[in-house]
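Reading through the structure tokens given below for one structure.
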Amino acid sequence: MKSSARIALLLGTALVASTSFAFAQEKGSVINVATVGEPPTLDPMASTADLVGIVSQHIFETLYTFDKDWKPTPLLAAAMPEISADGKTYTIKLRSGVKFHDGTDMDATDVVASLERWMKTASRGKQTATTIAGIEAIDATMVKISLNTPYAPLVSLLAFNNSAAIVLPSEKQAEPMVDFVGTGPYKLKERKADQYIQLERYAGYVSPEGESNGYGGARHQYADEIRFVPVPDPNTRVEAAVSGQYDYVDSIPVESFERVKGSSASEPVMLQPFGWPVFVLNSGNGMTKNLELRKAIRTALSMEDMMAAAFGSTDFYALDAALYPAQYVWRTEAGTEGGYNVADPEKAGELLKAAGYKGEPLRILTSRQYEFHYKMAQVAAEYLKLAGFTVDLQVVDWATLTQRRADPTLWDIYITHSPFLPEPALIGMMSTKAPGNWDTPARAKAVDAFNAESDAGKRVTLWADVQKVIYEEVPFIKIGDFNALSAKTKTLDGVSPAPWPYFWNASIKK
């Protein structure tokens, strides 16, 4: 495990089983990808759903992205930004010759308009907007971002494909998005709701230079088309993986590992350690605005039973209170003492009484498209009932869940998961604009200090302070660490291991 974990870190927290990297690609193939469902939108600014990012990253691009070591690297930018000595001015040179899918040239005017839309529309853009004093085009190839205060996560936020700072034509900034025009290697050809999203090679694409490196470097267009097909039922996805019905099948239950491994058509893709399941509490609204009630929820839960139900074998999960595993510099035990895997419904019941709970339904949103979410929800519901909660478990499709969580009056807990992210500020729940609305003085003090510090060593210490506040205020509850399982056909070549799979550089072997 130690050696595989080390390899996983080098590959960006991803380890692929039996993947061929022989680049004998030929153009002309169509890559069919089975996804967990229908994305609620194709506008990556408007959603933090991973599914949106997986599809839309082929259409739209950001100024920066991440290489295989999770370091920011230029994408639409020509180089890393020049940062002033006081950390308040970022000057960004743009690549020349980049064209949008409508044939127009990308320039600084488009970037400025897009970043302004990002700050208004995207949860992470809104998070960043409080620190941005202004954005201006110096000339057609240069953009300047001026900050009110130093903000260390800025480049990572500009690189992230989730609630993403994509660049759109300046005249196509409508909200909601009506023209899906980006600079990416593939452009939208057709979308039929609940049937498929069809992307086709963009002939005018101008790739970054250099070797392919994680999400960075050269982006080759070997496939003519990429087709994303929603397959919401996890068991159907397993059967599709075993039979080779799709070239890539995303997010299948880990108990299917041996079946896929024994398939003549496909092979498993295991990413370890991938990320963490999380229960997000509505700390800004409703009954869960009560801190003591949130503590009661956490006290009642058995993380061990939930992880065992969701993943079966410890080959696929680990109990861990810290928000980052040992492979990351952010690893700390700060604040976790006595606040993880308590599994004491009786004590939780006492906390409930002290919190003045009157038997109101505790509304938990979950989905079966991620089967492990649903299994954890079932176990959690039983422990919460033992504590004295009236539980209203609402099982909906993933698109509906992402819509409902945007309305704070409709839920108390929603179940999701996150990959381990290279920059803690990228964790969605850290933003006051994210569902859950965690916004307290203690949060502001800890998070603002962490974000303002540019010294890497000091930031590690300040992250420990943030984790302490998270455990003190319970805006969300980490359940454990888990590995993720997907599958690919043996004829699919050039797919690099990644938490958000991408299919530029990929082809079907002839």
Sort out which residues of the range 123-142 are surrounded by 17 or more Cβ atoms within 10 Å (Cβ to Cβ) and either out of contact with any strand residue (DSSP E or B) (no Cβ under 9 Å at 6 or more places or on another chain) or of a type in the set (K, R) (or both), and write them in order of number. S123, R124, G125, K126, Q127, T128
What are the pairs with Cβ atoms under 9 angstrom where one residue, in the range 454-468, is closer than 16 Å to Y324 by Cα and the other, located anywhere, is assigned to a helix (DSSP H, G or I) and aromatic (F, W, Y)? Sequence gap at least six, or different chains. R459/F450; L462/F450; W463/F450; D465/F450; V466/F450
Looking at (1) farther than 28 Å from V329 by Cβ; (2) at pLDDT 95 or above; (3) among the aromatic types (F, W, Y), which is the only condition F450 fails? (1)
Selection from the range 342-367 of residues surrounded by fewer than 19 Cβ atoms within 10 Å (Cβ to Cβ) and within 30 Å of V36 (Cβ to Cβ) yields A343, P361
Tally, over the range 85-116, of residues that are crowded, with 22+ Cβ neighbours inside 10 Å, part of a helix (DSSP H, G or I) and touching a residue at least 60 places away in the same chain (Cβ under 8 Å): 1
Kindly indicate which of D397, D407, D344 is under 18 Å from N282 (Cα atoms) and assigned by TED's automatic domain parsing to the domain that holds D465. D407
Name the residues in the range 163-191 that are part of a loop (DSSP other than H, G, I, E, B) and within 25 Å of G217 (Cα to Cα), would you? S163, A164, A165, V167, L168, P169, F180, V181, G182, T183, G184, P185
Of (1) surrounded by fewer than 20 Cβ atoms within 10 Å (Cβ to Cβ); (2) closer than 27 Å to T91 by Cβ, A193 fails just (2)
Pick from the range 243-273, criterion of a type in the set (G, A, S) and more than 30 Å from A322 (Cα to Cα), ranking: surrounded by the most Cβ atoms within 10 Å (Cβ to Cβ): S266
Having 3 or more residues that are within 18 Å of I477 (Cβ to Cβ) and modelled with pLDDT under 95 is the bar; report the strands (runs of 3 or more DSSP E) wholly within the range 348-423 that clear it. none
Only one of these is acidic (D, E) and under 18 Å from K172 (Cα atoms): D110, D50, D86. Name it. D110
Candidate set from the range 215-241 (those that are β-branched (V, I, T) and farther than 16 Å from R191 by Cα); member that is surrounded by the fewest Cβ atoms within 10 Å (Cβ to Cβ): T236
Return the residues of the range 154-202 that are of a type in the set (D, E) and in contact with a helix residue (DSSP H, G or I) (Cβ under 8 Å, 6 or more places away or on another chain); say none if nothing qualifies. E175
Collect the residues in the range 253-295 that are part of a helix (DSSP H, G or I) and not charged (D, E, K, R), keeping them in residue-number order. V254, S256, F257, V260, M287, T288, L291, L293
Evaluate the following for T65: is it out of contact with any strand residue (DSSP E or B) (no Cβ under 7 Å at 6 or more places or on another chain), more than 30 Å from S243 (Cα to Cα), outside the structural domain of G436 (by TED's automatic domain parsing) and not basic (K, R)? no
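The values are calculated or read from the model by the stated rules, or taken from the named source; none is laboratory data. As the structure is a prediction and not an experimental result, all values here were calculated from the model. Note that we place each Cβ from the backbone using ideal geometry, even for glycine, and neighbour counts take in every protein chain shown.
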